[in-house]
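A short reminder: the numbers here are calculations on the coordinates, not readings from a lab. If you're wondering where the values come from, they're calculated on a predicted model, not measured in any experiment. Glycine also receives a Cβ, built like all others from the backbone with ideal geometry; neighbour counts cover every protein chain displayed.
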Amino acid sequence: MRDYIIRNYCSEDAEKIGCFDKIAELAYLYKGDMKAENIFCAVNSRNEILGVGDLEPHISWTNIDNNCQEADYIYRLCVNIRMNSAYEVRSDVCSSLIDALFTRAKEIKKNYPEKKVRVIKYISSESNEEMNFYISKGFVAYRNSLVMKRDLSEEIEECHMSSDFKIVNWKMETDEEVKYYVQTDVKCNDGAAWNFDTVSWMRYSPEWATFAAFSGNEFLGGVMTYVIEEERSATENIFVLPEWRRKGVAKAFITEALKYLKENGKTMATLCADGDNKPAINLYKSLGYRMHSVNIEFGYDV
């Protein structure tokens, strides 16, 4: 007999969750696409939270309500399990949370009967125990994501930019600017892009900045930075409009981001790239990025 129950999250849980995962607390309270019906808590008889699990929309989910993708396109939901370190981490609690998320994913799938939906989890290639757990729940490995690092103690070469565009540290202070950013991201990535809620949320990340390329008033693409650890920051969500690619745009704004991070005391910048994205990997190598680690995308089709 279980000594805990699985139930949906409510706003009164946020403070308790914040005691063991502050980012989760803030996301559940303020990130618009984190819905209570997609969050589950494992709670003991004293109403203490042993762990929490959620389904978070992947970038592929952004246009699920539109019919702009091929019939075999896979829309993905990321699964997150966060355990309370004040209690012994128990595989049965993790398993129960996953089961609740599977049930919820199947309910969501009913709203999109003609579309393929997959629950996914990114796992470091070194995390054998975690991989074994997800494999035991029916997940299989689908693709690799390379985590690449740039040592900021090394010299950052100046980038000779074209006069056709300029690079700015874009503050995105209004909702209209955020919408413009998202619309451009969608154009650059065939609909698989961060949504409005995610970008709005990221603006409040510690040490957040976005280095963007503009030609006049036209936004061409950019890179977003935010803290990961004290000396390490991300250089992520890199994209450029198709007609502006291979013109030095991405190289220019990534270079400005790296200089900014170095000037602010960071010693490492990292990014993720699909393992088969040769043009992107070659660009990052030319900017001094080297291999750091590998993440594997595990998935479960619902």
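Considering only DSSP beta bridges whose two residues both sit in the chain, what percent are antiparallel, to the nearest 5? Show your work: numbers first, answer last.
Numbers: 58 of 66 bridges.
Antiparallel bridges: around 90 percent, rounded to the nearest 5.
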Length gained, A14-D190, 0.36 nm per residue minus C-alpha separation, equals 59.8 nm
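What does the helix-only formula give at 222 nm for the chain: each DSSP H stretch with n ≥ 4 adding -39500 (n - 2.57), the total divided by the residues, and the result rounded to the nearest 500 deg cm²/dmol? Could you put the intermediate results ahead of the total?
Values: 8 runs with 87 residues, N = 302.
That comes out to -8500 deg cm²/dmol.
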Considering only C-alpha atoms, what is the centroid distance from segment 185-237 to segment 249-299, in Å?
13
Expressed in angstrom and rounded, the centroid-to-centroid distance over alpha carbons for segment 49-79 and segment 1-18 is 23
Modelled FRET efficiency - R0 30 Å, I23 with S163, Cβ distances, 0.05 increments:
0.15
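Express in nm, to one decimal, how much length is gained between K179 and D197 on full extension, taking 0.36 nm for each residue of separation and deducting their alpha carbon distance. Don't skip to the end; give the middle numbers.
Details: separation 18, 0.36 × 18 = 6.48 nm, distance 0.99 nm.
Full extension of this stretch gives 5.5 nm more.
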If you line up the long axis of helix 91-109 against the longest principal axis of the chain, both from Cα atoms, how many degrees apart are they, to the nearest 10?
70
Using a Gaussian network for the chain with springs between C-alpha atoms less than 10 Å apart, which of these wobbles most: N111, N237, N38?
N111
Difference of contour (0.36 nm per residue) and Cα-Cα distance, D3 to E48:
15.0 nm
Whichever lysines have a C-alpha closer than 30 Å to that of K166, once near sequence neighbours (fewer than 8 apart) are set aside:
K149, K179, K187, K247, K251, K259, K262, K266, K278, K285
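S95 to E243: FRET efficiency via 1/(1 + (r/R0)^6), r the Cβ-Cβ distance, R0 35 Å, to the nearest 0.05? Intermediate results must be reported in sequence, preceding the final value.
Values: r = 49 Å, r/R0 = 1.39.
My answer for the efficiency is 0.10.
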Kirkwood Rh over Cα pairs of the chain into Stokes-Einstein at 10 °C, 1.306 mPa s: D in µm²/s?
76
For K121, counting only lysines whose alpha-carbon sits under 20 Å away and dropping same-chain residues fewer than eight positions off, the answer is K31, K35, K106, K109, K137
Where a ≥ b ≥ c are root eigenvalues of the Cα gyration tensor, a/c under 1.5 meaning rounded, otherwise prolate if a/b exceeds b/c and oblate otherwise, segment 147-242 counts as oblate
Springs between alpha-carbon atoms under 10 Å, Gaussian network over the chain: tell me which of R46, R232, R118 tops the mean-square fluctuations.
R46
Most fluctuating residue of C19, C188, C78 in a GNM of the chain with Cα springs under 10 Å: which is it?
C19
Set of segment 119-155 residues, backbone N closer than 14 Å to the point 7 Å along the Cα-Cβ line of V294
123-128, 141-148
